[in-house]
1. Among the residues that make up the stretch 159-180, is at least one of them small (Gly, Ala, Ser), more than 25 Å from GLY68 (Cβ to Cβ) and either at pLDDT 85 or above or buried (at least 20 other Cβ atoms within 10 Å of the Cβ) (or both)?
2. Quick check: is even one residue across the stretch 221-234 over 18 Å from the mean Cα position of the chain (by Cα) and either polar (S, T, N, Q) or modelled with pLDDT under 80 (or both)?
3. Are there any pairs, at least 6 apart or on different chains, whose C-beta atoms fall under 6 Å, with the first in the stretch 76-100 and in contact (Cβ under 8 Å) with a residue 60 or more places away in the chain and more than 30 Å from LEU245 (Cα to Cα) and the second in a helix (DSSP H, G or I) and basic (Lys, Arg), and if so, which?
4. Quick check, is PRO244 touching a residue at least 40 places away in the same chain (Cβ under 8 Å) and not charged (D, E, K, R)?
5. If GLU253 satisfies every condition in (1) among the acidic types (Asp, Glu); (2) assigned to a helix (DSSP H, G or I); (3) surrounded by fewer than 23 Cβ atoms within 10 Å (Cβ to Cβ) but one, which is the exception?
6. Could you check how many residues of the stretch 88-102 are within 25 Å of GLY68 (Cβ to Cβ) and part of a helix (DSSP H, G or I)?
7. Can you find, within the stretch 186-218, the residue that is surrounded by the fewest Cβ atoms within 10 Å (Cβ to Cβ) among those that are hydrophobic (A, V, I, L, M, F, W, C) and closer than 18 Å to GLY96 by Cβ?
Amino acid sequence: MAEAILRWSLLSLAVLIVGPAALMLLSPLTASDGVTATSPILSIGPSGGMVLGLGREVLALVMALGFGYCTAKFTSTRWGLLTAGAAAAWVAHGCGRMDEVLRIDPVRGQYWMLAVEGAVLGAVTVGGAWLIAKAGEQNHLNTPPPGHFVPEHVLREPADSPAKLGVSTVCCLICGVAGAWLVAVSTLKGQTLAAGAFGALVAGIVSAMLHKQASAPWLVAMFACLAAACPMVAALLLPAQSVPLLTLSNSGELAGPFKLMPMDWIAGALIGLPTGAKWGVGLATAEKA
């Protein structure tokens with residue numbers, strides 16, 4: 001009972017205090033019109049720009065991951081990632097929407113900048129997930145050891161083959177893209193965040209069923225790749241002319257994965273993967289029994 005109270009109290013702190021505090025770091029950042037919230041790497045002004053704006057976003061993400069690290073110290077890896085994701089969702093809320101980014105400056109090059117942002121945020125997130133995994137060591141019976149979502153007795157089973165790991169990784173990426181495609185009907189922030197989280201949830205379930213021994217940092221790293229890969233693909237496939245691109249954005253015909261900002265992928269990974277991986281291991285174990 002006491003552990004349950006502790007877990008939910010820490011999650012509440014992440015949602016009500018840590019997340020809003022991290023969001024405040026992004027409040028001075030605006031787009032070139034001086035009003036609209038936008039991606040920090042595309043922001044302007046004394047506190048914005050490619051270096052300062054992205055630095056603020058990285059600092060906000062580090063705050064969320066740092067709280068997840070503290071949570072993992074007292075609970076587990078799964079709850080550490082979950083609380084980090086709950087706080088990071090506030091950061092994602094302050095990063096604007098894709099249609100607003102394209103409305104202000106409808107050029108395909110915007111996606112290249114977002115790909116750089118996604119790569120930086122992904123690297124920070126993987127490092128944070130690794131630290132959270134290290135902090136999540138438990139001494140209780142049948143609880144996951146550091147960096148894993150599954151109990152010790154599962155890890156003692158014969159190691160999965162490299163081929164199974166490869167299939168699990170590919171399925172993780174496919175499920176992430178498919179989840180975003182299904183859920184992100186519009187660029188509303190609630191939908192894009194839900195798209196990232198749903199894609200991560202499905203990816204966690206499928207990946208864990210195929211490769212129960214995958215570590216938390218590995219799953220996060222695979223899903224975080226989408227934060228950089230999807231903007232890169234969009235920059236290559238979308239129209240280069242501003243009018244067709246703006247028309248595509250305003251009509252809502254952008255593909256689901258192209259509607260997500262990089263932080264939507266990151267927050268979704270931290271929220272959805274821990275729960276999905278636990279469910280996937282449970283399903284695989286029950287099926288084997």
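The values are calculated or read from the model by the stated rules, or taken from the named source; none is laboratory data. Values in this document were obtained by computation on a predicted structure and should not be read as measured data. All Cβ positions, glycine included, derive from the backbone under ideal geometry; neighbour counts span all protein chains shown.
1. Yes; the residues of the stretch 159-180 include at least one that is small (Gly, Ala, Ser), more than 25 Å from GLY68 (Cβ to Cβ) and either at pLDDT 85 or above or buried (at least 20 other Cβ atoms within 10 Å of the Cβ) (or both).
2. No, every residue in the stretch 221-234 fails to be over 18 Å from the mean Cα position of the chain (by Cα) and either polar (S, T, N, Q) or modelled with pLDDT under 80 (or both).
3. Short answer, once both residue conditions are applied: TRP79/ARG7.
4. no
5. Looking at each condition in turn, GLU253 falls short on (2).
6. Number satisfying all stated conditions: 6.
7. LEU188
Results for (1) touching a His at 6+ places or on another chain (Cβ under 8 Å); (2) buried (at least 24 other Cβ atoms within 10 Å of the Cβ); (3) in contact (Cβ under 8 Å) with a residue 60 or more places away in the chain, shown as yes or no for each residue.
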{"site": "PHE223", "(1), (2), (3)": "no, yes, no"}
{"site": "ALA240", "(1), (2), (3)": "no, no, yes"}
{"site": "GLY268", "(1), (2), (3)": "no, yes, yes"}
{"site": "GLY276", "(1), (2), (3)": "no, yes, yes"}
